[in-house]
Amino acid sequence: MARGRIRAKFRRSNLYTFACLRPTAAESEGPQSLQGPGFSRIVHCNEPVLHKKKPLKYCSNSISTTRYNVITFLPKAFFEQFRRVANIYFLVAAICSLFSFSPFSPLSMIAPLVFVLGVSMTKEAIEDWHRFIQDMKVNTRKVMVHKGGGVFRNKQWRNLQVGDVLKVEKDKFFPADLLLLSSSYEDGLCYVETMNLDGETNLKVKRSLEVTLGLDSDESFKDFKGMIRCEDPNPSLYTFIGNFDYEREVYPLDPTQILLRDSKLRNTAFIYGVVIFTGHDSKVMQNSTKSPSKRSRIERKMDRIIYVLLSVLLGISVISSIGFYIQTKYQMPDWWYLQPQSGTSCYDPNNAIASGFCHFVTALMLYGYLIPISLYVSIEMVKFLQAIFINRDIDMYDGESGTPAQARTSNLNEELGQVDTILSDKTGTLTCNQMDFLKCSIAGSAYGVKSSEVELAAAKQMAVDLEEEESGISAYRGPNHHGRSEIELESIVTTVDGKDEKKKVVKGFSFEDSRLMDGNWIKDPKAKDILLFLRILAICHTAIPEINEETNEITYEAESPDEIAFLVAAREFGFEFFRRNQSSIYVREGCPSPGDPVEREYKLLNLLDFTSKRKRMSVIVQDEDGQILLLCKGADSIIFDRLAKNGRAYEEVTTKHLNEYGENGLRTLALAYKRLDKAEYTSWNNEFMKAKTSIGSDREAMLEKVSDMMERDLILIGATAVEDKLQKGVPQCIDKLAQAGLKLWVLTGDKMETAINIGFACSLLRQGMKQICISINSDTLGRQDAKKAVKDDILMQITNASQMVKLEKDPHAAFALIIDGKTLTYALEEDLKNHFLGLAVDCASVICCRVSPKQKALVTRLVKEGTGKTTLAIGDGANDVGMIQEADIGVGISGVEGMQAVMASDFAIAQFRFLEKLLVVHGHWCYKRIAQMICYFFYKNIAFGLTFFYFEAVTAFSGQSIYDDWYMILFNVFVTSLPVISLGVFEQDVSSEICLQFPALYQQGPKNLFFDWYRILGWMGNGLVASAVIFVFNIAFFYRQAFRPGGQTADMTTVGTAMFTCIVWVVNCQIALTMSHFTWIQHLFIWGSIGFWYLFLLIYGLLSPSYTGNVYKILQEVLGPAPSYWTITLLVTVTCNLLYFSHISIQRCFYPMDHHVIQEIKYYKKDVRDKIMWTREKSKARQETKIGFTARVEAKIRYLRGRLHKKHLSLNSPRTAVASPS
Amino acid sequence: MLMVAASQQPLPCPVQYHHLQGAKRVVEIVERYDAECVPDAYKSNKVAYIKNGSISKNCTKLLKVDKLMKAPIYIYYQLDNYYQNHRRYVKSRSDKQLLDGLQNNDTSSCKPEESNGGLPVVPCGLVAWSLFNDSYIFTRGAVPLKVNRKNIAWKSDRDHKFGKRVYPFNFQNGSLIGGGKLDPHIPLSDQEDLIVWMRTAALPSFRKLYGRIEEDLHPSDLITVNLTNNYNTYSFGGAKKLVLSTSSWLGGKNDFLGVFYIFVGSSCIFISLVFLLLHLKDSRPCGDATFSYWNRKNVSL
């Protein structure tokens, strides 16, 4: 606040020539006619009371993103639950259990269902509660609201009403869509950051109406009244139509006066505004779409398995009802002990068909244990716990912003392990949107020794790789191999660059070169050029200095971060820009003697500002000597076109430097100047003024033409290289992800140049990569039937490129596809998109620039649907929301201020680099855990459920179950659930460090090695065998004969209990064999479950016999003392698991998978004893990759080796047997 | 690798042998009598015979002892093709009534045998109604063999499941007579035949304990069984057998457990041998990274 006051009365609009053209003409036009539907909104400014009742009552400003409220929760949540086919089955079964034909007691059917639904719905409720809390946070933010009488008070956002007058201060978000009335600047200008809306980081200028400029203090609102008629709420961010009725005049309104909710006030101390759209009426909320509920691949496949099981269930039910029909019809009349003559409908031999149908329903319920009812709920519990692990992972905790990773929906955990393509946003995701001045080229000499992060990372990797190559090769060919020195030399050069001593850190300035620093440049022979260069940096901009009153330090505020970097650099070189007024720029120049700075004033004559079309900006200044200068900076191609004949002295060298900088991912600008004599300037200025004051549509064109005239015949002085600072660890992360076999597409709203720069910076692009640029040929646009022509042209480009890719012989050749938004509109159309996708998939990296949020989503959908593989979208801004929602997994970058991306995302992480751990460790684990867990679930339920069927066959298909009802309840909930949950939560094939060291392990997920049909059917077969063994062994043993020394024979309950004991042992031993990671928890759960079964039996046996029936004291008296009970348990357990045990033994011995080998290495501590082998394997264990700096280093090494090879050939041509190690 | 092979053999051999020997020592005499006990005149219509109350059902069978049978010798009756596990049958009982008698009014679970002439039946239900009622008297030579028919049911059943003050009531009084009758003066807890019968069998062929002979039977002993052939198995083509058997620590004469222990054990040995051979022939050193995917991939290139 305090800082802003200093220049509060400064008319910033004078700075601009092109941007923020005040539509003076428009104002003279009459008010817009707002007739008809869609323009019904009326806002009484400063009279919110009028909006308290109908018909002017609009929705409140509190927002809600929750799915349910107190009333809708039950019906909606139930509906959600019963979308799962298995749950419907269980509901029907539970209802049927109330009738007589049920084989089980109603309790045993209803209790599990209630439990399962209860847990799932509780989880839903908790998740919704979190959303509610999040909403509340937003809703209770405070803003200054006019209370009447010129007094402003703080009020919560949710209490805002249409018509309220607000005062929003610097760096605060707008709480609703506002009409800008006035700002701290005299001319009603304000700066807005719309990052949350469209992801653009440059500031937008908004400007109030002329008439409301007077309302610039709290008091002036005492009597302020006005009325706005405008359009109804709609999602279009860039349009607004309305009229402002003020003091009996009507003024038209357009989007430049509208401040949108969730954008942020920048560079402006405060603004006053009137609320037009509140809450869900606001444009940003209108834009938000309900996030689609996503389901993971595994879960969808699981549904199919459940369908398979349901059909098995139907099948065996049909078999048993036919069996029942036959028995009832032909045999039951003879079974006098059943009193067939008094049979009810379900046992009526005279009406056997009805009985058969009746039995069909019974059978459906009886065999219901084939469908694992607790599967969904167990999976949900497991995923919930997995999510906690993700949330609590300290490696994914960002210490700076204090944000942990957050799994916002837990049902996609395992999908993280199957990602194939990552679609990433650029700004805020890969880069921090902070520019560092790193290098420059002045008058043909390159300055700046510090390497960019990418160079450093690559150099490090190169050093490691070379070392390995060395050891690898020397093992083959002996130590006396010469000729390597060259490679070593180059690598040393690059690593030396990296050695920098830490100095004082200046934000935006990482330049290091003693030749320029500390005023040393004066000694440089080209000091004159350098002086000019530095002056351009200090003068040619639109920034404003702000003096921090406490420290007296100057900070700058500018539209783009590049300018700030330049100004900081200039200041560090001794040219401190410290004041600006209407007509002058003041620079404190530390030269020639650094101790004694001189304040110089430069009269700002004209400013030709930067637009994306012009790609350059210039200032025309007059220095204290009266010399008029044009200083210009801009994109190199633009500047080079405009050089004078005598200004091209450094063109060649500078171009070389620019290429180098570009290769290292730096953003470059060329600087040039021109001296003007007075007469020349005056004549031009007249014309310029004429253009500036002209009214009409061609004003802009005229201005541009006049400016163009001036910006010619320039003299090139140098170039700058600014590092668009990548976020921490981004190149390394991309490298690892590439090694894990993931593809990365960059979708950015930025310019193509920037995007390519970042491509280089992230090593997505590298020198030697063939870049395929698909763009619209501007010639075709003019033609008739332009659209078709453009499409044909694009199709041709795509086809040619595809041909080229296909014909490429070199296995190391890599292609990069670069396409811009406009071209993409055509390429995404139905007839072209598959060609486009085909090409894109063949390319190592794909960069789409200038894409709109909608296109991001479309590209994502294309990849998702076209390749059928799992996609992950990552982004931080509201412009990424579409893509995040569209992708199979959406990841939001949290920690930055905007929350839209995070709110729409499934996972939120604070930094891009955390993606590595999220995917390679958590994704890998979760995938395997869930896959194993589901397989095991089907196994155990088949093993259990089929025993019912076998038993049916010996009970004349009557639908009798051999187990007590309580055993069955127990089975899914108590004796088998905890071990499998511990498998789902804690299982890990290899530790997290190894996951990271061997990224290739990740490919097990995308290849779906653990949940393919072979594996699923294998597990089902295992279940089938287990059920058969359990049943046959028990029946064979208990058949007729006494099972105890005391001569007693076994009744049904005894056989059932023994059989159930066997099942408990078998399935729990099975899971113990399945697990590869044990902690005490797994042991407790597995052996505890078995122990629990005996404990239950003991306690259940003590209950009243009128309730327990024949189970009374079954363990104590009947089974416990019988040795045969214990021996049959042992036999069955061993037999059932023998098959699986042999399988895993064979697999491990003869067809080991990667994690098996690593487990063994770890088990035998080979990694400690044989370090060389360990590092060698680590470096080998990665997917073939063409992106990432490792690939870049490899390419470089290949190149160097190729050169070496040639040299060798020429040296000793007869002996060409120089075996290349590749 | 060896570790893997060794662990394939989970059971020590003596266990298997012991199991088999256990079963082998058991001596068993099985005698089917339902067919032969029908008088020749009724051979073609056995159902008429069994339903005709006026015909004497007494019958005599001779059993020859082949091997020494050490006391106790268990007497079982065996029914074949008798679905005691049929759901309609199994459900038709009331455990509450068995414990509390007439105090317990809710006998709906006993359908279709819950009441008779408006009065409840104790014990109700099909299971009790179809009580087995053949009886056997044994004599060795001319000396009657004492048969102990006490303690043939589980102690917990006698003490806690069948009421000590619950007496049969209105039982087998209907037009449709099922199986045996009960002495209305003896409480249910002492009606051990009923208690044994009420433990429904798991399979359609089953044995139930009838009593114990508490003296040794020697080879070439001749035992005369005087039996009453009351129970109707002719309707549904079942079979009735009388079984005398000794027992071992595993129970009755059942080779299954031993045979399967040997079978599973030897398959374990076989598998471990196969593994051992494979291991010797073509071994993969543990933790050798050359077997990993990335290295094999390189080999194939």
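The values are calculated or read from the model by the stated rules, or taken from the named source; none is laboratory data. Worth saying up front: this structure is predicted, and the values here are computed from it rather than measured. Quick reminder, even Gly has a Cβ in these numbers, built from the backbone with ideal geometry, and neighbours come from all protein chains shown. Ligands, DNA and RNA are excluded from the accessible area calculation, which covers all protein heavy atoms including side chains. Shrake-Rupley method; radii C 1.70, N 1.55, O 1.52, S 1.80 Å.
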Query raised in the report: What is the one condition in (1) in contact (Cβ under 8 Å) with a residue 60 or more places away in the chain; (2) more than 30 Å from residue B:175 (Cβ to Cβ) that residue B:58 does not satisfy?
Result: (2)
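Can you tell which of A:104, A:90 is under 20 Å from residue A:369 (Cβ atoms) and outside any helix (DSSP H, G or I)?
Numbers: A:90 fails: outside any helix (DSSP H, G or I).
Result of the check over A:104, A:90: A:104.
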**Report entry** Complete set of residues in region A:774-790 that are part of a helix (DSSP H, G or I) and at pLDDT 80 or above
**Finding:** A:788, A:789, A:790
Query raised in the report: Does region B:265-276 hold any residues that are surrounded by fewer than 20 Cβ atoms within 10 Å (Cβ to Cβ), within 10 Å of chain A (Cβ to nearest Cβ) and either touching a Leu at 6+ places or on another chain (Cβ under 9 Å) or closer than 30 Å to residue B:84 by Cβ (or both), and which are they?
Result: B:267, B:271
Report summary line: Counting only residues in region B:245-260 that are more than 14 Å from residue A:1040 (Cα to Cα), open to solvent by 10 Å² or more (accessible area, probe 1.4 Å) and not hydroxyl-bearing (Ser, Thr, Tyr), the one farthest from the other protein chains (Cβ to nearest Cβ) is identified as B:259
Report summary line: Reported set for region B:188-228 where residues are surrounded by fewer than 18 Cβ atoms within 10 Å (Cβ to Cβ) and of a type in the set (D, E, K, R) is B:190, B:214, B:215, B:216, B:221
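Out of A:1111, A:1067, I need the residue that is more than 38 Å from the chain's Cα centre (by Cα) and away from chain B (no Cβ under 14 Å). Which one?
Numbers: A:1111 fails: away from chain B (no Cβ under 14 Å).
Testing whether each residue is more than 38 Å from the chain's Cα centre (by Cα) and away from chain B (no Cβ under 14 Å) leaves just A:1067.
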Query raised in the report: Could you list, in sequence order, the residues of region A:661-702 that are under 27 Å from residue A:646 (Cα atoms), under 51 Å from the mean Cα position of the chain (by Cα) and of a type in the set (A, V, I, L, M, F, W, C)?
Result: A:669, A:670, A:671, A:672, A:688
Query raised in the report: Counting only residues that are among the charged types (D, E, K, R) and within 14 Å of chain A (Cβ to nearest Cβ), how many does region B:194-231 have?
Result: 5
Query - Filter result (in a helix (DSSP H, G or I) and out of contact with any Leu (no Cβ under 8 Å at 6 or more places or on another chain)) within region A:627-655 - result: A:637, A:638, A:641, A:645, A:646, A:652, A:653, A:655
Query - Extreme residue, nearest to the other protein chains (Cβ to nearest Cβ), among residues of region A:1082-1108 that are surrounded by fewer than 15 Cβ atoms within 10 Å (Cβ to Cβ) and modelled with pLDDT of 90 or more - result: A:1098
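Regarding residue B:38, is this residue away from chain A (no Cβ under 14 Å), of a type in the set (A, V, I, L, M, F, W, C) and either assigned to a helix (DSSP H, G or I) or in contact with a strand residue (DSSP E or B) (Cβ under 9 Å, 6 or more places away or on another chain) (or both)? Give the steps one after another, and end with the answer.
Numbers: away from chain A (no Cβ under 14 Å): yes; of a type in the set (A, V, I, L, M, F, W, C): yes; either assigned to a helix (DSSP H, G or I) or in contact with a strand residue (DSSP E or B) (Cβ under 9 Å, 6 or more places away or on another chain) (or both): yes.
Answer is yes for this residue.
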Query raised in the report: How about region A:1117-1190: which helices (runs of 4 or more DSSP H) wholly inside it have at least 1 residues that are more than 7 Å from chain B (Cβ to nearest Cβ) and surrounded by 21 or more Cβ atoms within 10 Å (Cβ to Cβ)?
Result: A:1123-1150, A:1154-1163
**Report entry** Positions within region A:693-725 being loosely packed, with under 15 Cβ neighbours inside 10 Å and either touching a Ser or Thr at 6+ places or on another chain (Cβ under 7 Å) or among the charged types (D, E, K, R) (or both), in sequence order
**Finding:** A:695, A:698, A:705, A:708, A:712, A:713
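Look at residue A:1049 and say whether it is assigned by the TED database to the domain that holds residue A:932 and either farther than 27 Å from residue B:73 by Cβ or under 59 Å from the mean Cα position of the chain (by Cα) (or both). Before the answer, list the steps.
Working: assigned by the TED database to the domain that holds residue A:932: yes; either farther than 27 Å from residue B:73 by Cβ or under 59 Å from the mean Cα position of the chain (by Cα) (or both): no.
Against the criterion (assigned by the TED database to the domain that holds residue A:932 and either farther than 27 Å from residue B:73 by Cβ or under 59 Å from the mean Cα position of the chain (by Cα) (or both)), residue A:1049 does not qualify.
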Query raised in the report: Any chance region A:566-579 includes a residue that's of a type in the set (D, E, K, R), in contact (Cβ under 8 Å) with a residue 12 or more places away in the chain, surrounded by 15 or more Cβ atoms within 10 Å (Cβ to Cβ) and farther than 21 Å from residue A:436 by Cβ?
Result: yes
Query raised in the report: Quick check, is residue B:294 under 30 Å from residue B:219 (Cα atoms), facing another protein chain (nearest Cβ under 9 Å), surrounded by 13 or more Cβ atoms within 10 Å (Cβ to Cβ) and at pLDDT below 85?
Result: no
Query raised in the report: Pairs under 6 Å by beta carbon, first residue more than 13 Å from residue B:232 (Cβ to Cβ) in region A:335-348, partner at pLDDT below 75, six or more apart or different chains?
Result: A:346/A:101
Requested in this report: Taking the residues in region A:1032-1052 that are surrounded by fewer than 24 Cβ atoms within 10 Å (Cβ to Cβ) and assigned to a helix (DSSP H, G or I) as candidates, determine which candidate is nearest to the other protein chains (Cβ to nearest Cβ).
Outcome: A:1036
Report summary line: Counting only residues in region A:403-454 that are over 30 Å from residue A:885 (Cα atoms) and of a type in the set (Asp, Glu), the one least open to solvent (accessible area, probe 1.4 Å) is identified as A:436
Report task. Go through region A:109-148 and give me each residue that's assigned to a helix (DSSP H, G or I), of a type outside the set (S, T, N, Q) and free of Cβ contacts under 8 Å to residues at least 24 places away in the same chain. Result -> A:110, A:114, A:118, A:126, A:129, A:130, A:133, A:136, A:137
Report task. Give me a count of the residues in region A:943-981 that are closer than 22 Å to residue A:1133 by Cβ, surrounded by 23 or more Cβ atoms within 10 Å (Cβ to Cβ) and hydroxyl-bearing (Ser, Thr, Tyr). Result -> 4
Query - Selected residue [within 11 Å of another protein chain (Cβ to nearest Cβ), touching a strand residue (DSSP E or B) at 6+ places or on another chain (Cβ under 8 Å), within 25 Å of residue A:1047 (Cα to Cα) and open to solvent by 20 Å² or more (accessible area, probe 1.4 Å)] from B:81, B:85 - result: B:81
**Report entry** Scan of region A:42-58 for residues that are open to solvent by less than 50 Å² (accessible area, probe 1.4 Å) and in a helix (DSSP H, G or I), ordered by number
**Finding:** A:48, A:51
Report summary line: Across region B:138-187, the tally of residues that are in contact (Cβ under 8 Å) with a residue 40 or more places away in the chain, open to solvent by 80 Å² or more (accessible area, probe 1.4 Å) and more than 14 Å from chain A (Cβ to nearest Cβ) stands at 5
Requested in this report: Would you check if there is a residue in region A:741-759 being of a type in the set (Asp, Glu) and without any contact (Cβ under 8 Å) to a residue 60 or more places away in the chain?
Outcome: no
Query raised in the report: Which residues, taken from region A:149-190, are open to solvent by 30 Å² or more (accessible area, probe 1.4 Å) and either polar (S, T, N, Q) or free of Cβ contacts under 8 Å to residues at least 40 places away in the same chain (or both)?
Result: A:153, A:154, A:155, A:156, A:159, A:161
